[in-house]
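What follows is a single structure, written as structure tokens, with notes after it.
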Amino acid sequence: MFDLNNFNVNINQHIFWDKKEHFLLDEDIDSNWVLYAIEDGECSYEVESHKGKCKFGDIVICPPGIIFKREVITTLTFHFINFSINSGDDTSSFPVGKISVSDLKRLNNMYYYLKLYSHNNNIELNQWKSSLISDIMKLHYIETQYSSSPKNFVQDEIINYSLKYLNKYAYESIKIKDFSASLGLSSVQFTRRFHKCIGTTPIEYITSLRLRRAQVLLLRTEDTLDCIASKCGYDNGFYLSRVFAKNLGISPSDYRKKYR
């Protein structure tokens, strides 16, 4: 197990890949460390003797000069991060292959910020992103080192399935009543069960995903509010504006002006 406080990650390059159907190369070798942080979909990997499949909650790490084999199984959304570790740090115990983070809610929040600024690789932002990656590594360390037994933060298989479903279809029309019924639950039962595991209601979770996408589109595109609304699961820009202002305390137009 690596020393929690004795390593420094420095990001050289960060690329966010959205809905990638296949890798250009089935295998590659890099002169730096490489990390794949999976947001959605599934892929297989092989790094030295480490091989298997990875999905949301999993991170694959490959050391410099080592062949990294990978193949997309289902359309993949992930962060590619090329990073270095300070030359004075002992990397012999640094994790290689797949590591998993159980606190999916916290991980999702970290991925949100990485995705929001993935288009910018300036020195200041990369230093900040490096601290996020270090936090993810430390979270994994804490979970594995101090957990009394290996267990997923979300042990409920129905809620695990629900998270995957909501992450995939959050930007389409979703009726919680119908989705709950498909799970054999009433909407009240499902909402209580979801809240117990995740700490928020299904509606609040969907709203957070939609608003995160709206924030990204406001900053990265010239799309009109109606266009952004259609890409985020809302009927029109007026309704999106109401939800945006209510939850974030600022209108979409003011957000675009302030943070661009």
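Read-outs throughout are calculated quantities, based only on the coordinates presented, and are distinct from any laboratory measurement. No experiment lies behind these values; they were computed from the predicted model shown. All Cβ positions, even for glycine, are placed from backbone atoms using ideal geometry, and neighbour counts span all protein chains on display.
Structural remarks
- Modelled spin-label separation between GLU204 and ASN247, with each label point placed 7 Å from Cα along the Cα-to-Cβ direction: 1.2 nm.
- The 3J(HN,Hα) values that the Karplus relation (6.51, -1.76, 1.60; θ = phi - 60°) gives for segment 214-229 are, in residue order, 4, 4, 4, 5, 5, 7, 9, 10, 9, 4, 5, 5, 5, 5, 5, 4 Hz. Gly and Pro appear as x.
- The angle between the Cα long axis of helix 237-248 and the longest principal axis of the Cα atoms of the chain comes to about 60 degrees, rounded to the nearest 10.
- Here the relative contact order of the chain, from alpha carbon pairs under 8 Å that lie six or more residues apart, stands at 17 percent.
- Cross-link reach list, aspartates and glutamates versus LYS115, counting only Cα pairs under 14 Å and skipping chain neighbours closer than eight places: ASP18, GLU39, ASP40
- A straight Cα-to-Cα reach below 17 Å connects LYS177 with the aspartates and glutamates GLU204, residues fewer than 8 places away in its own chain not being considered.
- For the chain, the fraction of C-alpha pairs more than 22 angstrom apart is 60%.
- Förster-model FRET efficiency, 22 Å R0, ASN12 and ASN120, C-beta, rounded to 0.05: 0.95
- Averaged over residues, the count of other Cβ atoms within 10 Å places the peptides 115-125, 62-72 in the sequence 62-72, 115-125, highest first.
- Nearby aspartates and glutamates by direct alpha-carbon distance to LYS51 (threshold 17 angstrom, same-chain neighbours under 8 apart not counted): ASP26, GLU27, ASP28, GLU42, GLU71
- Among the listed pairs LYS53/LYS164; LYS20/LYS175; LYS55/LYS129, those beyond 23 Å (Cα-Cα): LYS20/LYS175
- Local net charge near SER230, Cβ-Cβ under 11 Å (Lys/Arg +1, Asp/Glu -1): -3
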